[in-house]
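Asks: Quick one: the structure is below, questions incoming.
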Amino acid sequence: MTTTLRTVTDVVEKLWPIDGQESWDASGLVAGASDQPVSTILLAVDAVAETVDEAIERGAGVLLTHHPLLLRGVTTIASSTYKGALLQKLIKNDCALLAAHTNADVVADGTSAVLARHLGLADVTPIVVSKEQPLRDADPEAPLAGIGRVGSLPQPVRLGDLARALGTILPATATGVRVAGEFDRLVQRVALCGGAGDSLTGEAEVQASDVYITSDLRHHPASEFVEQARLGDGPALIDTSHWASEWLWLDVAAEHLRRELPGVEVLVSEIRTDPWDFVVTQ
C-alpha cells in the first residue's frame, strides 16, 4: 500500500499535535499535495539550500524540519528570495515541506527532554507546562509535558566538567560551548531549554537550579541574569549552539516515524546548519 503525504501528516499530528505549538509558531504543512506518494522522509533542523538539495538528491518525498521556513511572514515567494527559491525547488521535485517546532518541544520526548536524557538527568519535569491539558506523544502512557526541562545529575560535578561533557554530547560547531560561572563551581540541579531560552530565565525552576543550559543568549539578558545571580547565589549559565541543542532530537523523531510508518525510509541529515563558520580568538 502506497504511503501518501496525507498519511505522513496524520502521523506527524499524532506524534506532535499542532495544538501544542505556541501562539506565535507556524508548524505544520508548508508545501505539498496530500495525495502525493512518500517513500522517504528526511529530517533536518532547518530548511536551507543544503538540506533541500540533500532531500531531493536522496529522493525524499518529505523534508521534515524542526524550524518552520515561514515562521516570519513573507509577501513573496519569488525565486529571487531564498525562501521562494527553496519552495519552488521543493515543489518542482515533488518534495513536501513539513515543520514540527514548538509542538515538538513540549511533548514528553521533545527537544529538551532528549538533551536532558543525554546528560543523564533524573526526576525530570518541565520548566513550564504551557497548556491546561497535558500533551502526550505516540505513547498513550507518556507523562505530561511542557517547555524546557529541569532535573538532577546523579552527583555534583564541576561546572567546567559539565560544559566539557556537553561539548562531547553535542555536534561540533564553530562557537562551541560558552559558560558564565566559576569552572570549579559544583552543580547538580540542571535546568535546560533546547533552542533559544532566555525568556525562561526568570522562571522559579530555573532560578532554583545550579545551572541553566540554553542557546542564543543575548548580551543584556545574560549580563542581567549573571549580575542578579551574584546577589543571591543564582545559577550559572551555559550557552550552546541553537542548532546543536535541537539536532539531537532528530534521531528520536526518526525512530517514532519509523515505528508509525514501517514502509517508509526515514533519514536524518548530518549537515550542520548552524550559521557560524569560524571564530577568531583574541
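Bear in mind these aren't lab numbers, they're just calculated from the coordinates by the rules spelled out. Here the structure is a predicted model, which is why all the values come from computation and not from measurement. Every residue, glycine among them, receives a Cβ derived from its backbone with ideal geometry; neighbour counts consider all protein chains shown.
Asks: Can you give the extra length, in nm with one decimal, that the chain gains between Asp233 and Ser80 once fully stretched, where that is 0.36 nm per residue apart less the Cα-Cα distance? Can you show the working numbers first?
Replies: On the way: separation 153, 0.36 × 153 = 55.08 nm, distance 5.15 nm.
Stretched out fully, the Asp233 to Ser80 stretch lengthens by 49.9 nm.
Asks: When the chain is fully extended, how far beyond the present Cα-Cα distance does Glu270 get from Ser199, taking 0.36 nm per residue of separation?
Replies: That works out to 22.7 nm of additional length.
Asks: Here is a follow-up. When only C-alpha pairs under 8 Å and at least 6 residues apart count, what is the relative contact order of segment 106-242, in percent?
Replies: Result for segment 106-242 is 23 percent.
Asks: Once R0 is set to 25 Å, what does the formula 1/(1 + (r/R0)^6) return for the Cβ-Cβ distance between Asp123 and Arg259, expressed as a FRET efficiency to the nearest 0.05?
Replies: Working: r = 27 Å, r/R0 = 1.08.
In this case the efficiency is close to 0.40.
Asks: I want to make sure I understand the PRE zone here: with the label point 7 angstrom from the Cα of Leu186 toward its beta carbon, which residues in segment 196-218 have backbone N atoms less than 17 Å away?
Replies: 209-211
Asks: Semi-axes of the chain's equivalent ellipsoid from the Cα gyration tensor, sqrt of 5 times each eigenvalue, largest first, rounded to whole Å?
Replies: 34, 21, 17
Asks: Order these by the 10 Å Cβ neighbour count, fewest first: Leu43, Leu186, Leu29.
Replies: Listing Leu43, Leu186, Leu29 from fewest to most nearby Cβ atoms yields Leu186, Leu29, Leu43.
Asks: So what is the relative contact order for segment 1-111, in percent, with contacts set as C-alpha pairs under 8 Å and at least six apart?
Replies: 35 percent
Asks: Continuing with the same structure: Quick check: pseudo-label points 7 Å beyond the Cα along Cα→Cβ at Asp94 and Ala33, how many nm apart are they?
Replies: It works out to 0.9 nm between the two label points.
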